[in-house]
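Notes follow the structure.
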Amino acid sequence: MENIENQKFIALDISGKNYLSWVLDVKLHLSAKKLRHTIDEDNAASNEERVTALIFLRRHIDDGLKYEYLTVENPLELWQNLNDRFEYLKVVVLPNALNNWSQLRFHDFKTVSEYNSTLFKIVS
């Protein structure tokens, strides 16, 4: 229960299915905490800032990913490792969403709510 209270948003799934939304959430939260620079190349972050950002990142990833990247002690390195692992999703998800968008037709649905539901799934 304590772990749930510490999380600001859904943790990154080990399969990466929520990676794209997770990246946006992490960037926004780190920006709000004035720690965004800790995941940028050639940053001059203090040791305290790095540790705080690393704790934040580790709290918001799946336990399996935590164990896999257990020895990583730099938030930039963890960020890059996760990016290398899941970046391919942008190449897969975006073309699929564009294809679904181009084939979306209002008359293919029985109700407006079904159409809206499908529309929001494509957008997300």
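Per residue, the chain exposes an accessible area of 69 Å² to a 1.4 Å probe, with every protein chain left in place. For segment 46-108, the convex hull drawn through the C-alpha positions has a volume of 129 cubic angstrom per residue.
Taking max minus min of the alpha-carbon positions on each principal axis, the chain gives extents of 57, 34, 27 Å, largest first. For the chain, the 222 nm mean residue ellipticity estimated from helices alone, with every DSSP H stretch of n ≥ 4 adding -39500 (n - 2.57) and the total spread over all residues, rounds to -19000 deg cm²/dmol. The residue list Asn47, Ala97, Leu76 was ranked by how far each Cα lies along the charge dipole of the chain toward its positive end, using unit charges on Cβ atoms, and Ala97 comes out on top.
Of Asn43, Asn74, Asn83, which is the most mobile in a GNM of the chain whose springs link Cα atoms less than 10 angstrom apart? Of Asn43, Asn74, Asn83, the most mobile in the Gaussian network model is Asn43. Split the accessible area of the chain by element, probe 1.4 Å, and carbon with sulfur accounts for 54%.
The values are calculated or read from the model by the stated rules, or taken from the named source; none is laboratory data. Because the structure is predicted, anything quoted here is derived from the model rather than measured. Glycine also receives a Cβ, built like all others from the backbone with ideal geometry; neighbour counts cover every protein chain displayed. Note: areas computed on protein heavy atoms with side chains; ligands, DNA, RNA excluded. Shrake-Rupley method; radii C 1.70, N 1.55, O 1.52, S 1.80 Å.
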